[in-house]
1. With the Cα gyration tensor of segment 122-224 giving a ≥ b ≥ c as the square roots of its eigenvalues, does the rule (a/c under 1.5 for rounded; else a/b larger than b/c for prolate; else oblate) give rounded, prolate or oblate?
2. Give me the distance in nm between label points sitting 7 Å out from Cα along the Cα-to-Cβ direction at residue 286 and residue 162, one decimal.
3. Any idea how far apart residue 250 and residue 221 come out in nm if each label point goes 7 Å out from Cα toward Cβ?
4. Let a ≥ b ≥ c be the square roots of the eigenvalues of the Cα gyration tensor of segment 154-209; is it rounded (a/c under 1.5), or, if not, prolate (a/b larger than b/c) or oblate?
5. Taking neighbour counts of Cβ atoms within 10 Å as a proxy for exposure, in what order, fewest first, do 79, 298 appear?
6. Order of 170, 108 from fewest to most other C-beta atoms within 10 Å?
7. Shape call for segment 162-311 from the C-alpha gyration tensor, a ≥ b ≥ c root eigenvalues: rounded (a/c under 1.5), prolate (a/b greater than b/c) or oblate?
8. Along the Cα→Cβ direction, 7 angstrom out, place labels at residue 231 and residue 102. What is the inter-label distance in nm?
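Since every read-out is calculated from the coordinates, none of them should be taken as a lab result. Fair warning: this is a prediction, and the values are worked out from it, not measured in the lab. Glycine also receives a Cβ, built like all others from the backbone with ideal geometry; neighbour counts cover every protein chain displayed.
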């Protein structure tokens with residue numbers, strides 16, 4: 001078994017001490033080394049100071065070594081700079097886009113309002129012309145405020161009632177002619193039944209010689225909604241496509257001469273002795289906002305009926 005070497009304490013008196021002469025040699029050697037390094041540094045400083053940029057080989061070496069690092073640094077700096085510039089531009093573009101979108105929304109809203117106002121103005125102008133056309137009848141304007149549950153203008157509510165002098169059976173006009181009549185009156189509003197309602201019946205006549213009399217009815221048929229029907233005997237009534245139908249003096253509700261509509265289709269029924277004609281109303285029943293109400297009853301029997309019922 002190998003013997004373990006015991007560690008000696010540096011201060012152990014048994015440890016051999018280097019001779020003083022060797023220590024002096026080491027001190028002298030270190031001193032000379034320090035002097036040599038100092039002189040070398042001074043020499044290099046002097047050379048650099050005196051020669052400066054004139055030492056082309058050193059410059060070339062420095063440039064060869066430093067140039068790639070400098071290029072890489074500049075490339076990274078340009079990349080970061082471009083990235084920051086792009087980010088700023090994107091943010092600016094987003095802000096500009098939001099402003100433009102807000103302006104577009106505002107213009108679209110204003111355009112919608114203008115279109116709506118223009119449509120109402122056009123409708124009011126038509127009412128004005130209609131008022132002049134039927135100038136012999138006293139009239140008042142009213143606005144439609146509610147429709148029937150079917151969203152069709154076969155029954156609707158206007159914003160005037162008994163406090164405005166309206167009564168049941170008063171005719172209602174719009175656009176180019178007849179809309180219907182007031183079927184119920186309340187203090188602040190009234191219900192109007194239009195000529196396209198299946199329960200409506202209007203005495204009319206062909207607006208040309210020999211002015212044959214016809215009965216105009218609403219149609220209880222979805223495929224023909226918005227139209228009216230005239231049933232007639234072919235031998236007794238002269239009617240053709242394109243004929244204008246107006247109200248007749250035979251009616252109890254409507255005064256004569258009010259436009260009802262135009263014949264757009266005629267077809268035979270059964271054996272051909274009877275026919276029916278389809279009538280397109282003179283008024284666009286899908287786009288109504290305002291109406292004119294004739295504020296007098298056409299016949300005395302209507303007045304008597306209202307007086308007898310207490311309305």
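1. Working: a/c = 1.70, a/b = 1.17, b/c = 1.46.
Oblate.
2. 3.8 nm
3. 2.2 nm
4. Because a/c hits 1.5 or more and a/b exceeds b/c, segment 154-209 counts as prolate.
5. Placing the least packed residue first, the sequence is 79, 298.
6. Details: 170 23, 108 10.
By the 10 Å Cβ count, ascending, the order reads 108, 170.
7. prolate
8. Each label point is offset 7 Å from its Cα along the Cβ direction, giving 6.5 nm.
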